[in-house]
Structure formats: structure tokens, C-alpha cells
Amino acid sequence: MAAGFKTVEPLEYYRRFLKENCRPDGRELGEFRTTTVNIGSISTADGSALVKLGNTTVICGIKAEFAAPPLDAPDRGYVVFLSVPNVDLPPLCSSRFRTGPPGEEAQVTSQFIADVLENSQIIKKEDLCISPGKLAWVLYCDLICLDYDGNILDACTFALLAALKNVQLPEVTINEETALAEVNLKKKSYLNVRTNPVATSFAVFDDTLLIVDPTGEEEHLSTGTLTIVMDEEGKLCSLHKPGGSGLTGAKLQDCMSRAVSRHKEVNKLLDEVIQSMKHK
């Protein structure tokens with residue numbers, strides 16, 4: 001009976017749960033799904049991470065290559081995305097996606113990640129310079145969704161951060177006589193990740209009720225979504241609200257407070273995983 005009612009009246013089905021301050025999957029309105037992260041998932045990449053947020057699964061791989069520094073910034077390197085779309089949402093992750101050119105959601109997600117990368121200054125491009133005017137690192141970042149069940153922005157942001165923290169670059173010097181780069185693969189150092197941006201997403205129901213970490217079905221039924229990206233100092237790196245229901249100042253402040261708390265949880269999880277990897 002319940003399954004039939006959910007199929008016929010999905011929104012009303014959800015409302016009955018929300019009135020009791022819970023959700024059909026058993027979570028409270030402010031409760032996140034189980035989050036896991038595995039770093040070094042791709043042996044052929046210079047840095048990689050696999051993040052699971054409930055059923056939503058995203059993998060990020062990063063490759064480092066040499067490039068000439070930009071002419072207008074000879075002391076900087078590059079952080080770029082490998083593919084178009086930068087965030088790939090293939091049909092294998094959900095039946096809602098089709099083969100062919102990237103859909104709107106893939107493009108929006110790609111731009112969101114690019115904005116987070118730029119606004120948070122997670123990587124200083126000056127840190128990627130090997131020799132001013134001669135040689136710099138270029139980082140190619142590729143994110144692929146393996147299983148889609150909502151909240152792709154949080155999962156992608158976390159996967160990118162974890163993968164960047166996994167990147168190790170070899171020592172490189174320029175031979176003055178030959179002007180060629182000499183790479184010492186035996187001496188590697190971790191990338192200087194300067195900030196730890198973490199995304200926290202919300203869905204709005206009936207223009208007033210807020211829930212965190214929405215599933216794909218909850219996103220579809222909601223009247224709006226909001227994603228807030230904070231760093232470890234509690235600074236706002238990005239705020240993404242693609243239309244939908246408006247929010248009062250009080251509710252927005254509440255969302256930001258929850259985002260600060262979520263940052264601490266995610267940061268603690270990532271630190272624990274990194275420490276466990278170093279002890280192996």
C-alpha cells in the first residue's frame with residue numbers, strides 16, 4: 001500500500017514523513033548520509049580519491065605534467081580540467097543521464113567545481129611554478145560519477161579536495177648547461193593544499209522546510225536547493241542557489257552554521273584517512 005501511494009503521490013508521501021521530522025530513509029532532517037573516502041584509488045594517477053555519500057559515488061583522478069608558464073604570469077602554473085564535461089555524469093551512474101554531449105547538470109556541476117577551485121584558493125598557482133618563465137606544473141583534474149543519488153556537488157568537492165591532498169610531485173631542477181628539466185622520482189613532496197573547502201547542500205520543501213544532503217528523489221521533489229562552501233576558518237568560499245524558493249536571512253544563517261559543523265566532520269574524516277595511509 002505504501003509503495004503504491006509513493007508512486008501515485010510522491011510529494012504527499014514525503015510530506016507525511018517530514019511532518020514527523022524524519023525522512024523515508026530513516027534520517028532526521030538535519031542528518032547526513034554515511035560518508036566514506038578512499039585516497040590513492042587510481043594507481044596510474046598522481047593523486048586520486050573515491051568518495052561515497054550514501055549511494056552517490058564520485059571518483060577523482062589528477063595527472064601532473066610539464067608546461068610553459070603563462071606569458072602574462074611567468075611565475076605561475078595551471079590547474080585545469082581534463083575533459084569536457086569536467087564532471088562526467090555518464091548513463092552508468094543513473095538512468096536519468098544519456099550518452100552524447102554533456103547535459104545541463106554536468107555543465108553546472110563542472111562550473112561549480114571550477115568556481116570553488118578559484119574562490120577558495122585551494123591551490124596557489126605560484127606553488128606550481130618550477131622555474132619562472134621556463135617551466136611549471138599543470139594539473140589535470142577529472143571527476144566521474146559512478147553512482148548518482150543526489151547531492152553531486154558535495155561529493156565532487158570532497159573528492160577533489162581528497163585527491164589534491166593525495167598528489168605527490170617529484171623534485172624537478174633545470175640543468176643550466178642543457179636547459180633541460182631533470183626529474184628526481186625518488187624525492188617527492190605533497191602538493192601544498194592551502195585551504196580545505198567543504199560543500200554542504202540543502203533542499204527546500206514547500207518553500208519553508210530545509211533538509212540536508214538530499215537524495216536524488218528529494219532534489220526532484222524539492223522547491224529549491226542551496227549549496228554552501230566553507231573553509232576551515234569559517235569563511236564563505238561559494239554559495240550556489242539555482243533559483244527556486246527564496247530563503248529568509250535567518251534560514252540562510254542557519255544553513256551557514258550547519259555548513260561550519262559539516263566542515264569539521266568532513267575534515268576530521270579526511271585527516272583520519274590520510275593518517276591511516278601514512279602509517280601503512
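The values are calculated or read from the model by the stated rules, or taken from the named source; none is laboratory data. Everything quoted here is computed from the prediction, not taken from an experiment. We place every Cβ from the backbone using ideal geometry, glycine too, and count neighbours over all the protein chains shown. The protein model used for the area step is the full one, side chains on, heavy atoms only, and it has no ligands, DNA or RNA in it. Shrake-Rupley method; radii C 1.70, N 1.55, O 1.52, S 1.80 Å.
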Unique residue being crowded, with 23+ Cβ neighbours inside 10 Å, within 27 Å of P214 (Cβ to Cβ) and of a type outside the set (V, I, T) when the list is D147, D154: D154
Single residue of the range 155-200 satisfying the filter (more than 16 Å from S43 (Cα to Cα), aliphatic (A, V, I, L, M) and in a loop (DSSP other than H, G, I, E, B)) that is farthest from the chain's Cα centre (by Cα): A179
Within the range 2-14, tally of residues that are under 16 Å from H220 (Cα atoms), of a type outside the set (S, T, N, Q) and either assigned to a helix (DSSP H, G or I) or modelled with pLDDT of 80 or more (or both): 7
Number of positions in the range 26-35 that are exposed (fewer than 13 other Cβ atoms within 10 Å of the Cβ) and in contact (Cβ under 8 Å) with a residue 24 or more places away in the chain: 0
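Each row is one residue, and each column tells you yes or no for (1) at pLDDT below 95; (2) of a type in the set (A, V, I, L, M).
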site: A199; (1), (2): no, yes
site: A203; (1), (2): yes, yes
site: L210; (1), (2): yes, yes
site: D213; (1), (2): no, no
site: G216; (1), (2): yes, no
site: S222; (1), (2): yes, no
site: I228; (1), (2): no, yes
site: E232; (1), (2): yes, no
Residue in the range 78-86 that is within 17 Å of T195 (Cα to Cα), at pLDDT below 90 and not aromatic (F, W, Y) present: yes
Test: residue in the range 118-138 that is at pLDDT below 75 and closer than 20 Å to G47 by Cα: no
Residue among F66, F17 that alone is over 24 Å from the mean Cα position of the chain (by Cα) and part of a strand (DSSP E or B): F66
Residues located in the range 161-174, provided they are open to solvent by 40 Å² or more (accessible area, probe 1.4 Å) and without any contact (Cβ under 8 Å) to a residue 60 or more places away in the chain: E171, T173, I174
Residues located in the range 183-193, provided they are in contact with an Asp or Glu (Cβ under 9 Å, 6 or more places away or on another chain) and either surrounded by fewer than 10 Cβ atoms within 10 Å (Cβ to Cβ) or not hydroxyl-bearing (S, T, Y) (or both): V183, N184, L185, K186, K187, K188, L191, N192
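Per-residue answers, yes or no, for (1) open to solvent by 10 Å² or more (accessible area, probe 1.4 Å); (2) over 15 Å from S120 (Cβ atoms); (3) without any contact (Cβ under 8 Å) to a residue 12 or more places away in the chain:
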residue: F205; (1), (2), (3): no, yes, no
residue: D213; (1), (2), (3): no, yes, no
residue: L221; (1), (2), (3): yes, yes, no
residue: T248; (1), (2), (3): yes, yes, yes
residue: Q253; (1), (2), (3): yes, yes, yes
residue: K264; (1), (2), (3): yes, yes, yes
Condition broken by K52, with the remaining ones in (1) open to solvent by 50 Å² or more (accessible area, probe 1.4 Å); (2) part of a loop (DSSP other than H, G, I, E, B) satisfied: (2)
